[in-house]
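The values are calculated or read from the model by the stated rules, or taken from the named source; none is laboratory data. As the structure is a computational prediction, the values presented were derived from the model and not from experiment. All Cβ positions, glycine included, derive from the backbone under ideal geometry; neighbour counts span all protein chains shown.
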Amino acid sequence: MKTTHIRLTIATALLLGIYSCKKGEATVSDYEMSTAADSASVEISDSVSSVATMSVKDKQFIKTANVDMEVKDVYDATISIEKSVQELGGFITHSNLQSRVISEDSYNTSDENAMLIKKYQTENTMQVRVPTSKLGELLTLINDKKLFLNSRIINAADVTSSIKYAEMEGKRIKKTGENISELKTTKDKVKMSDENMFEENQQQLANLDVTDNLKYSTVDIYIKEPKLRIAEIAITNSKNIDNKYKFNFMYDVKKAFVEGFYLIQRILIGLVAIWPIVIIVGIAFYFYRKNKSNKKPIQADKE
């Protein structure tokens, strides 16, 4: 529903603030032709708000709806809603069906097997668009699928004034365009023509957006199941498998022997790498012993 409000706000702002030339001029008759079906009376069940089927003379409404409800089976309800939308001449713009996992546990049933227990809740967020004249009928079909209705919001935004204002602005800009065409060709004229063309394109885009929203209503639907579902999935006993291959005596002994051999090699390589230090220490030790041995005869002579 927020997406629809954003589209409506942008379209209305463009209609109020952007100018157009002859090609971009919006007229009330154009919008009336595009929404002629919306003006027809539709017989709808009393369970649907009159806003969905409201028709007022000389008024144009952009209608949207938001439905939040709980259903027995989300998947079946989704298929049914999508089918109904297509039969009414509409289309689906978004459908996000997913299972939200609440908890997940595994239980060993034997040395080889185990059972995975998942508790989950299925939900779906949808956005559909249907001809405005069929909005009430679609809401009735959706209502038939509910177990519990959390909320239902229906909006009818009056855009009649915006359309009329766009028509008046179009006439004014048309006159301005004629005045620009009578000017001498200069850089300023080229710049004004370019800006005028840009405004014309923006106006046409806004007109198309409003026309589309008048012709098709957007319905946001959120459905979920009231209770958790439980899934039992057969899996392998991973803990027993881990224990089975955690130790292998012969392999571990062989690996330890090889690693010990590599350790001796690394020690020898380390000693070779520090040979200058070994030589210096050896020479120092030699002179230390020699000096010590020379001191002993001197002490003996003194005695």
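Tabulated results
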| read-out | value |
| --- | --- |
| Evaluation of residue 60 against (1) surrounded by 17 or more Cβ atoms within 10 Å (Cβ to Cβ); (2) within 30 Å of residue 208 (Cα to Cα); (3) touching a Lys or Arg at 6+ places or on another chain (Cβ under 7 Å) (one fails), failing number | (3) |
| One residue from 188, 220, 209, 194 being at negative phi and either in contact with a strand residue (DSSP E or B) (Cβ under 6 Å, 6 or more places away or on another chain) or not assigned by TED's automatic domain parsing to the domain that holds residue 138 (or both) | 220 |
| Strands (runs of 3 or more DSSP E) contained in region 85-181 and holding at least 3 residues over 29 Å from the mean Cα position of the chain (by Cα) | 91-108, 113-131 |
| Failed criterion for residue 122 (all others in (1) touching a Pro at 6+ places or on another chain (Cβ under 9 Å); (2) buried (at least 17 other Cβ atoms within 10 Å of the Cβ) hold) | (1) |
| Any pair with Cβ under 7 angstrom, 6 or more apart, that starts in region 178-198 at a residue that is surrounded by 10 or more Cβ atoms within 10 Å (Cβ to Cβ) and ends at one that is polar (S, T, N, Q) | 180/193; 180/196 |
| Subset of region 73-110 [more than 30 Å from residue 240 (Cβ to Cβ) and without any contact (Cβ under 8 Å) to a residue 12 or more places away in the chain] | 76, 79, 83, 86, 87 |
| Single condition residue 234 does not satisfy, out of (1) among the hydrophobic types (A, V, I, L, M, F, W, C); (2) in a helix (DSSP H, G or I); (3) at pLDDT 85 or above; (4) surrounded by fewer than 10 Cβ atoms within 10 Å (Cβ to Cβ) | (2) |
| Selection status of residue 252, in a helix (DSSP H, G or I), of a type in the set (D, E, K, R) and free of Cβ contacts under 8 Å to residues at least 12 places away in the same chain | yes |
| Criterion: hydrophobic (A, V, I, L, M, F, W, C) and modelled with pLDDT of 90 or more - qualifying residue of 183, 149 | 149 |
| Hits in region 147-172 - residues which are hydroxyl-bearing (Ser, Thr, Tyr) and over 18 Å from residue 215 (Cα atoms) | 151, 165 |
| Any hit, region 76-96, residues being modelled with pLDDT under 90 and among the β-branched types (Val, Ile, Thr) | no |
| Pairs where the first residue, in region 161-174, is assigned by TED's automatic domain parsing to the domain that holds residue 201 and closer than 12 Å to residue 207 by Cα and the second is in a helix (DSSP H, G or I) and hydroxyl-bearing (Ser, Thr, Tyr), C-beta under 8 Å, 6+ apart | 162/12; 163/31 |
| Residue match in region 175-190 (condition: within 30 Å of residue 154 (Cα to Cα) and either of a type outside the set (Gly, Ala, Ser) or out of contact with any Ser or Thr (no Cβ under 9 Å at 6 or more places or on another chain) (or both)) | no |
| Counted residues, region 107-157 - those being among the aromatic types (Phe, Trp, Tyr) and touching a Phe, Trp or Tyr at 6+ places or on another chain (Cβ under 7 Å) | 0 |
